[in-house]
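S.K.: My questions will all concern the structure given below.
All of the numbers you see were taken from the coordinates with simple rules; none came from a lab. Small disclaimer: the values here were computed from a predicted structure and weren't measured. Here the Cβ positions follow ideal geometry from the backbone for every residue, glycine too, while neighbour counts run over all protein chains shown.
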Amino acid sequence: MTSVLVTGGTGQLGRRVVRALAADGHTVRILSRSPAAPPVPGADVVVADLSTGAGLAQAVAGTTTIVHCATDPRRSGTVDVGGTERLLEAARDAGRPHVVYVSIVGVDRIPTEYYRSKLAAERTIEGFGLPWTVLRTTQFHDFVLQLLDRMTGLPVVPVPRGWRVQPIDVDEVARRLADAVAAEPAGRLPDLGGPEAFPVVELVRDRLRRTGRHRPVVKVPLPGASSAALRAGANLVPGNRSGGCTWRQFLDGRSPSQLLEG
Ligand SMILES: NC(=O)c1ccc[n+]([C@@H]2O[C@H](COP(=O)([O-])OP(=O)(O)OC[C@H]3O[C@@H](n4cnc5c(N)ncnc54)[C@H](OP(=O)(O)O)[C@@H]3O)[C@@H](O)[C@H]2O)c1
């Protein structure tokens with residue numbers, strides 16, 4: 001068994017990765033900026049900050065694998081790009097750990113600032129000289145639900161024309177990352193999508209129905225390269241659908257009080 005550091009181990013995905021790794025019998029350490037990070041049974045917390053490099057040397061000491069899930073979309077240049085470089089430099093000084101990174105389907109085709117940062121982080125990992133595995137996935141169920149709740153909270157709901165999403169069970173992603181830890185470094189794994197793809201407008205209408213909100217829905221032709229890439233399906237993986245829970249099962253598994261909380 002290996003000693004695994006999980007960056008972002010307090011996050012939506014990272015928490016599940018920690019649980020899966022602990023269940024597999026690995027020794028797990030969570031990297032967090034907060035000493036009061038919520039305890040996950042079977043894991044220790046080490047305090048470090050990717051944006052400054054503080055604590056990274058102690059965090060990586062003695063680890064054989066790093067699962068890198070930390071992210072900050074609002075400071076992606078500092079955390080996702082610079083932070084990945086700082087993490088790898090610390091890791092190189094500590095030995096030759098296997099770096100497992102989670103990225104997003106379409107980062108090379110959808111030119112938003114955040115996706116550019118994710119792509120830059122991928123390229124840093126690929127070229128750094130440490131053993132590596134990268135898995136790109138589609139959007140997690142919870143993330144899609146948060147977006148839908150933000151959209152359907154507006155008095156009139158604008159929906160970008162032609163966009164589709166392929167939500168994925170975050171536990172399924174965590175399982176794949178835990179499997180990557182147990183396997184040899186594999187480079188880029190095949191992109192992974194959720195079980196089904198849906199037009200965003202269909203999910204918006206369904207969300208309005210389920211939450212009893214009555215709002216006009218307006219399809220808007222969003223201009224720009226990112227929107228065009230999304231209309232072309234650059235965020236989808238029709239040929240590699242995961243198992244795990246479906247979007248409907250995810251929604252049906254939520255209690256009525258959770259419906260509006262997102
Ligand atoms: N959400 C999606 O739909 C989706 C889809 C595909 C891929 N992904 C990728 O999956 C990964 C995890 O996403 P998520 O949605 O689970 O993230 P999340 O819930 O927002 O969690 C972000 C994590 O990053 C850590 N973090 C932020 N800034 C940091 C810093 N300066 N130093 C150290 N740690 C820092 C936070 O830890 P502390 O606050 O404890 O420090 C937190 O655990 C990301 O790489 C994301 O790009 C996400």
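S.K.: Long-range amide H contacts for residue 69: which residues qualify at under 5 Å (H placed 1.01 Å from N, peptide plane, sequence gap of 5 or more or a different chain)?
M.R.: For residue 69, the qualifying residues are 7, 8.
S.K.: Taking R0 as 35 Å, what FRET efficiency do you get between residue 206 and residue 108 from their Cβ-Cβ distance, rounded to the nearest 0.05? Kindly include the intermediate steps, with their values, before the conclusion.
M.R.: Numbers: r = 31 Å, r/R0 = 0.88.
Efficiency, rounded to the nearest 0.05: 0.70.
S.K.: Between helix 12-23 and the chain, what is the angle of the helix's C-alpha long axis to the longest principal axis, kept within 0 to 90° and rounded to the nearest 10?
M.R.: 50
S.K.: If R0 is 22 Å, what FRET efficiency do you get for residue 214 and residue 246 from their C-beta distance, rounded to 0.05?
M.R.: Details: r = 27 Å, r/R0 = 1.22.
Here the calculated transfer efficiency is 0.25.
S.K.: Using all Cα-Cα distances in the range 1-143, what percent lands in each 5 angstrom bin from 0 up to the longest?
M.R.: 2, 11, 21, 25, 22, 14, 5, 1
S.K.: Extension gain residue 142-residue 2, at 0.36 nm per residue separation less the Cα-Cα distance, in nm?
M.R.: Working: separation 140, 0.36 × 140 = 50.40 nm, distance 2.99 nm.
Roughly 47.4 nm would be gained on extension.
S.K.: Now for a different question. Go ahead and collect, in residue order, the members of the range 89-121 whose backbone nitrogen is under 19 Å from a label point 7 Å along the Cα-Cβ direction of residue 225.
M.R.: 104-121
S.K.: Still on this structure: By how many degrees, between 0 and 90 and to the nearest 10, does the Cα long axis of helix 83-94 differ from the longest principal axis of the chain?
M.R.: The helix 83-94 is inclined about 20 degrees to the chain.
S.K.: If I take R0 = 51 Å and measure r between the Cβ atoms of residue 163 and residue 44 in this structure, what FRET efficiency does the formula 1/(1 + (r/R0)^6) give, to the nearest 0.05? Write down the numbers at each step before the final one.
M.R.: Numbers: r = 41 Å, r/R0 = 0.81.
With R0 = 51 Å, the Cβ-Cβ based efficiency is 0.80.
S.K.: Next question, about the same structure. Rank 248, 136, 15 by mean-square fluctuation in a GNM of the chain with C-alpha springs under 10 angstrom and give only the top-ranked residue.
M.R.: Comparing 248, 136, 15 in a Gaussian network model of the chain, the most mobile one is 248.
S.K.: Quick one: angle between helix 170-182 and the longest Cα principal axis of the chain, in degrees between 0 and 90, rounded to 10, please.
M.R.: Tilt relative to the chain: about 20 degrees.
S.K.: So between residue 188 and residue 89, what do we pick up on full extension, going 0.36 nm a residue minus the alpha carbon distance?
M.R.: Working: separation 99, 0.36 × 99 = 35.64 nm, distance 2.09 nm.
The residue 188-residue 89 span can extend by a further 33.6 nm.
S.K.: Follow-up question, since we're still on this one. Using only the alpha carbons of the chain, determine the length spanned along each of the three principal axes and report them from longest to shortest in whole angstroms.
M.R.: If we take the Cα atoms of the chain, the spans are 56, 38, 33 Å.
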